[in-house]
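Nothing in this text is a laboratory measurement; each read-out follows from the coordinates by a stated rule. On a predicted model such as this, the values are computed, not experimentally measured, just so you know. A quick note on method: Cβ atoms are made from the backbone with ideal geometry, for glycine too, and the neighbour counts reach across all protein chains shown.
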Amino acid sequence: MRVILFSGKGGTGKSVISCATGMLTSESGYDTLVMSADPAHSLADAFEMHVGDEPVRLAPHLSAVQIDPSKEMARSYGAIQDYLASIFTSKGIDETLAYEISSLPTMTYLFALLRIEETARTGQYDVIVLDTVPSGETLRYLYFPRLVGSVSRKLIKLMGPIAGMAKIVEPLVGIPAPNKSVFSSQIELIERMERLSAILKDNDQSSLRLVANPDLFSTENLKRSLMISGLYGINSDLAIINKIIPEDVSEPFFNKWKVAQAERIREVEDAVYPLPVKKVRLFPSELKGVEMLRKCGKELYGDDDPAKIYYKGVPFKLESRHGEVEITVRVPFSEKEDFKVERIGEELILKVRTKMGYAINVIPLPAITLKMNLKRARLLNDELHVIFREEDGKVQEGRGRP
Ligand SMILES: Nc1ncnc2c1ncn2[C@@H]1O[C@H](COP(=O)(O)OP(=O)(O)O)[C@@H](O)[C@H]1O
Ligand SMILES: [Mg+2]
């Protein structure tokens, strides 16, 4: 199963390009599901057909679903949320407020993403196209599986042994004890997140396509998304610049616009190299409806298989030699002074400063580095090289000799 995710600033054309992509893959014979977690009814607007929160078939190989993130959240997270709320209410917090606090609003889209994992398990589709929420947010959610996963695992380790007797100590500790269903839904959630994370980080399966318009804001956003996706181990395979004023527009009013757009396009091509860049013209009217979507898709992908992997870079590499381990992470567009590397226990925390704040990645360290120290971190071109070395390198060098 192929997973193609679209990301970009609002209004750049993610929804229509997602639909156009899905139409083309379905017409090439792939059973395709187009998913959206947009708050608006974007899929219904683009296809000009009804799309609900369960998949509906729109054409022979094409289905679409408009996910309702809050419903997904209640489904996957309800038991845990009830429990968290009961902790807050036991502390005298008003129940409505307790639910508000425990609802983790920033996580709702993560639960929408979990639909990918669920759909993958059914094996029903060859291609899933995800029309994502605005980019910065989306990528942060893609990163959550690790974070939530590791936090919850620690919690379970901590609470597991005492779960049975928690009811007895409840009056002493002063907080309600979690019951079995809280634990089982917690474990299930972690397992699902791990599977989701594995799908998204599998570069042979999932690709992120970055959509921008030829303007400063959205192209800056595209560059940032490329950097962050690289950090998170998600492969970006294509950049798409949409709404380019066509060559044959000759009204003098657009002359300056055309020059400025050409400049932006060149900038993006340089900045994302060797990632391929595809261009889509501005259509004479709003792009919607099956006919226009097909036309847009054909202009975008030409004779290509739209489900192919356009580009694959290695986001994360590990090499070990003579008591030393080198971890290489691809991080385009970050400045030398703009990153921090810290090792906390079994994890490497990478903080890269971007114009919109810090992007953080947590990389699980291989067991071999546990007896090593973080020695050096350097940025070479678009690669961050982190070196771990044994305390006493000489001992290691002697190893393996007859
Ligand atoms: N190449 C294009 N030519 C003309 N209109 C476009 C084009 N791409 C997108 N649009 C229009 O721009 C608006 C925003 O597109 P949409 O796909 O909803 O953006 P996003 O999902 O990124 O917010 C829609 O009205 C859509 O029809
Ligand atoms: Mg949209």
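Here the stretch 1-75 is treated with +1 on each Lys and Arg Cβ and -1 on each Asp and Glu Cβ, and its dipole about the Cα centre works out to around 220 debye. Using the Cβ-Cβ distance between MET49 and PHE253 with R0 set to 35 Å, the FRET efficiency works out to roughly 0.45.
Using the Cβ-Cβ distance between ILE368 and GLU188 with R0 set to 30 Å, the FRET efficiency from 1/(1 + (r/R0)^6) comes to roughly 0.40. Using only the C-alpha atoms, the convex hull of the stretch 201-271 corresponds to 79 Å³ per residue. With the highest mean first, a sort of the peptides 211-222, 65-76 on other beta-carbon atoms found within 10 angstrom per residue produces 211-222, 65-76. Return the subset of LYS14/LYS288; LYS9/LYS201; LYS201/LYS243; LYS243/LYS298 for which the Cα-Cα distance in this structure is over 19 Å, preserving the input order. From the list (LYS14/LYS288; LYS9/LYS201; LYS201/LYS243; LYS243/LYS298), the Cα-Cα distance tops 19 Å for LYS9/LYS201; LYS201/LYS243.
Using a simple spin-label model with pseudo-atoms 7 Å out from Cα toward Cβ, ASP382 and ASP202 lie 2.5 nm apart.
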